[in-house]
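No lab work stands behind these numbers, since they all come straight from the coordinates. All values derive from a computational prediction rather than experimental measurement. Cβ sites come from the backbone with ideal geometry, for glycine too, and all protein chains shown count toward neighbours.
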Amino acid sequence: MLVYPPEGHDTDSKRIFVLGSAKSFCLINDSNIRLEGNGNFCKLIQLKLGENKIKINIDGNSLTRTIYAFPNPNKNPSPIAYARPYQAFSKGIKLDNILQSILISNKDIAIPLNSLPDYTLEKINAYNYRLNLSIVEQDLDWIHYSDLNPEIKIEKISDTVFDIRFQKPVSKYKILFNNHVFKISFTFKVKPFLICIDPGHGGSQFGAISPKGIFEKDLNLSLAIKLAAELNHQGVKTILTRNHDMEKSLSERVKISKKNNCNLFISLHHNALPDGRDPNKESGFSCHYFHEHSFELAKFISLKLKAASLQHFAGIYKQNLHVLRENPDTPSVLIELGYLIHPLESDLLCKKSFQTKTARILAKALLEFHRSQNFQ
Ligand SMILES: [Zn+2]
């Protein structure tokens, strides 16, 4: 039998579990589900925005469940259980702070303590803060997240120093110490969606060159224009760091992204190799990032390009590149779409049809990434 979810269920969650039991088998969306010894099963299913049809077959009886998934901007984080600070209620005795637990919702971090600690909260960038609690004694036995897909994550640096990482950029925070709870509440930036597209090189900086003499700067620009058109067609605003063949410094490119408060930054390049390497042997696209919060975007784009199987996938790399490093408040990636100096790959890269397909994939990846970040 099927216990959950009910037909026509709607949710603001990204996934849902299908719960029930079977005598001999259960298929969900045609794949076999593991039954426990007692015949019970519980399977988590990822949801996409809007209507989701789940096909279920239990012991030969087919049924479907239609689930509607939607984002809910007014969703409050689930209430979290507050642990009491250690001995906090032994009246009349002055007690030291002992760090025992940290409770994290999608808006705040709560730490039960006896008194306001001598803390520091340092902004590393809009996606990363560092909290130093300066508490001597610690006995941290649990970090509790109130959400399955937390937007705030904590990483322990030392016993009392923690990195706080956010999925969205933080605009401000508030600290309260109330009822023996030290609480930091964060407010996130809500920006109109704008993507900065950066066609690499330009002017006297040709970049790489193909065996037929085509310059990288021209390919970067034509792909950037196609990508912008594709995004605009989907209703997304874009800004290009250059829209014709001109010289532009790396710092000017970053300045354009920052000044316009862009949500995402993508730099487009075509690769070459230094002397001593064999261009016959290296091909494919690669994706580069610098700040940790850009890794997800790099991964997302790489998976989409990889799935299209137009080319070999050469990997995701953390690279200390100016346009990535100097743009810490915006998820930023640099894509090398392939090796312009590779004898075969260069012909593919220069094809209009390849550029059109690639622009479409990139536009889709950027859009889906943005939605995945804003869908809770
Ligand atoms: Zn380049």
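Need one word for the chain: rounded, prolate or oblate. Basis is the Cα gyration tensor (sqrt eigenvalues a ≥ b ≥ c); a/c below 1.5 gives rounded, then a/b vs b/c decides. Provide the component values of the computation, followed by the final result.
Details: a/c = 2.36, a/b = 1.33, b/c = 1.77.
Since a/c reaches 1.5 but b/c is at least a/b, the shape of the chain is classed as oblate.
Can you tally the net charge around L2? Count Lys and Arg as +1, Asp and Glu as -1, for every other residue whose Cβ sits under 15 Å from the Cβ of L2.
On the way: positive: K23, K43, K53, K55, R65; negative: E7, D59.
Within the 15 Å Cβ shell, the charges total +3.
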**Prompt:** Once a ≥ b ≥ c are taken as the square roots of the eigenvalues of the Cα gyration tensor of the stretch 245-307, is the result rounded (a/c under 1.5), prolate (a/b larger than b/c) or oblate (a/b not larger than b/c)?
**Reply:** oblate
**Asked** Along the positive direction of the dipole of the chain (beta-carbon charges: Lys, Arg +1; Asp, Glu -1; about the Cα centre), which of P343, S101, P150 reaches farthest?
**Response** P150
**Request:** Along Cα→Cβ, 7 Å out, is where each label goes; now give me the distance between the ones at K259 and R130 in nm to one decimal.
**Result:** 3.2 nm
**Request:** Multiply the residue separation of R277 and N178 by 0.36 nm, subtract the distance between their alpha-carbon atoms, and state the gained length in nm to one decimal.
**Result:** 29.4 nm
**Prompt:** For the stretch 202-214, in order, what is each residue's ³J(HN,Hα) by Karplus, 6.51 cos²θ - 1.76 cosθ + 1.60 with θ = phi - 60°, in whole Hz (x at glycine and Pro)?
**Reply:** x, x, 7, 8, 7, x, 6, 9, 7, x, 9, x, 8
**Prompt:** Where both residues lie in the stretch 194-374, what percent of DSSP beta bridges are antiparallel, nearest 5?
**Reply:** 20 percent
**Prompt:** Which of the aspartates and glutamates could a cross-linker bridge to K55, judged by Cα under 14 Å and excluding same-chain residues fewer than eight apart?
**Reply:** E7, D30
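Nearest 5 is fine: what % of DSSP beta bridges in the chain come out antiparallel, could you say?
On the way: 58 of 86 bridges.
Close to 65 percent.
Suppose every Lys and Arg Cβ carries +1 and every Asp and Glu Cβ carries -1, with no other charges. What dipole size does the stretch 244-376 come out with about its Cα centre, to the nearest 20 debye? Could you put the intermediate results ahead of the total?
Values: 18 positive and 14 negative charges, 95 e Å.
That gives a dipole near 460 debye.
Ordered by packing density, taken as the mean number of other Cβ atoms within 10 Å over each peptide's residues, highest first, how do 14-20, 30-36 rank? Before the final figure, lay out the partial values.
On the way: 14-20: 16.4, 30-36: 11.0.
Order by mean packing, descending: 14-20, 30-36.
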**Asked** Whole-Hz Karplus ³J(HN,Hα) for the stretch 250-261, in order, using 6.51 cos²θ - 1.76 cosθ + 1.60 and θ = phi - 60°, x for Gly and Pro?
**Response** 5, 5, 5, 4, 5, 4, 5, 5, 5, 4, 8, 6
**Message:** Can you compute 3J(HN,Hα) from phi for each residue in the stretch 36-43, using the Karplus curve 6.51 cos²θ - 1.76 cosθ + 1.60 with θ = phi - 60°, rounded to whole Hz and x for Gly and Pro?
**Reply:** 6, x, 8, x, 7, 9, 8, 10
**Request:** Just order 147-155, 48-56 by mean Cβ neighbour count inside 10 Å, highest at the front, would you?
**Result:** 147-155, 48-56
**Fill in**
On the formula 1/(1 + (r/R0)^6), with r taken between the Cβ atoms of D139 and S115 and R0 of 22 Å, the FRET efficiency rounded to 0.05 is 0.85
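Report, in debye and to the nearest 20, how large the dipole of the chain comes out about its Cα centre when Lys and Arg carry +1 and Asp and Glu carry -1 on their Cβ. Could you put the intermediate results ahead of the total?
Working: 48 positive and 37 negative charges, 182 e Å.
Taking the Cα centre of the chain as origin, the dipole is about 880 debye.
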**Extension reserve of the N243-E155 stretch, reckoned as 0.36 nm per residue once the Cα distance is removed** = 27.6 nm
**Asked** In the stretch 177-217, which residues have a backbone nitrogen under 15 Å from the label point lying 7 Å from Y317's Cα in the Cα-to-Cβ direction?
**Response** 208
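Going down the table (K168/K364; K53/K156; K212/K248; K156/K364; K43/K357; K48/K217), which pairs top 29 Å between alpha carbons?
Values: K168/K364 20 Å; K53/K156 41 Å; K212/K248 25 Å; K156/K364 35 Å; K43/K357 35 Å; K48/K217 38 Å.
Result: K53/K156; K156/K364; K43/K357; K48/K217 exceed 29 Å.
Where does the charge balance sit around K258 when Lys and Arg score +1, Asp and Glu -1, over other residues with C-beta under 9 Å from its C-beta?
So the environment of K258 carries a net charge of 0.
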**Fill in**
Those cysteines in the chain that have no second cysteine Cβ within a distance under 4.7 Å are C26, C42, C287, C350
